[in-house]
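Every read-out reported here was derived from the displayed coordinates using simple, explicitly stated rules and does not represent laboratory data. No experiment lies behind these values; they were computed from the predicted model shown. Neighbour counts are summed over all protein chains in view; Cβ atoms, including those assigned to glycine, are modelled from backbone coordinates with ideal geometry.
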Amino acid sequence: MNVDKRYRYIYKPLVFIGCLTPIAWLFAGGFGVLGQSLGPDPIKFTLHTLGKTSLNLLILTLLVTPVRHLAGWPHIVRIRRMLGLFAFFYALLHFTVYLVLDQELDYASVLKDIAKRPYITVGFTALVILIPLAVTSTNRMMRRLGRRWQTLHRLVYVAAILSVWHYYWQVKRDVREPLVYAAILAVLLGYRYLRRARSRRAVATSRSGSATAPERI
């Protein structure tokens, strides 16, 4: 079986199932299946699970590029879009549960929270940033936007930073776990920065060498 078939029939379906597992687990807890429970505060538990799942998938999306370079797995980029779309899907569910179940569709209260509660402001901003990234994730939009597509999708770094920030502020007391996420994100962004800086230096050196090379006769 060649690489194309492995990704189409094995790897992508497995990633898809893995991405759906958290919401399946929540449904099982909500209906008491397999002895699962959402705990004494099911809305809070659901919000936390959906938000954390979105953040995990966002981190995994950013992890694809380093794995591709360091492990020499160029085809792993084929699952990046799925991971990114599921990250948006869980972020949207996170906000929907907050809007519908926590705030009971009280839009005035939601707008007040977004305006006055910094951690909600930051989280909502991250969600808004993810919307155009999800909308333009198709091959057709990639072709239509050209180079602008890559520039637009670099906003995922901003969304990831805001998501970690949102988690940090939301926790309030024990911030160890958000700090772990912050450290992982710092490493991923630092890797990209160093790789880009190295590439620019290599280009500059190449151009400098070409400019100073003696003219051939």
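The table that follows gives values for the structure above.
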read-out: Selection of chymotrypsin sites (Phe, Trp or Tyr not before Pro), the stretch 1-82, meeting DSSP coil and at most 15 other Cβ within 10 Å; value: 31
read-out: The stretch 67-127 and the stretch 1-35: distance between their alpha carbon centers, rounded to Å; value: 20 Å
read-out: Mean Cβ count within 10 Å, highest first, over the residues of peptides 46-53, 140-147; value: 46-53, 140-147
read-out: Gyration tensor verdict on the stretch 123-208 (Cα atoms; rounded if a/c is under 1.5, prolate if a/b is larger than b/c, oblate otherwise); value: oblate
read-out: Under Karplus coefficients 6.51, -1.76 and 1.60, residue-wise ³J(HN,Hα) of the stretch 74-91 in Hz, glycine/proline x; value: x, 7, 5, 4, 5, 9, 5, 4, 4, 4, x, 5, 5, 4, 5, 4, 6, 5
read-out: From the coordinates shown, Cα extents along the principal axes in Å corresponds to which of (1) 83, 49, 37; (2) 58, 38, 37; (3) 61, 51, 38; value: (1)
read-out: Cβ-based exposure ranking for 12, 5, in which fewest neighbours within 10 Å come first; value: 5, 12
read-out: Set of the stretch 1-28 residues, backbone N closer than 17 Å to the point 7 Å along the Cα-Cβ line of residue 75; value: 1-16
read-out: Distance-filtered residues of the stretch 39-73 - backbone nitrogen under 15 Å, label point 7 angstrom along residue 187 Cα→Cβ; value: 59-68, 70-71
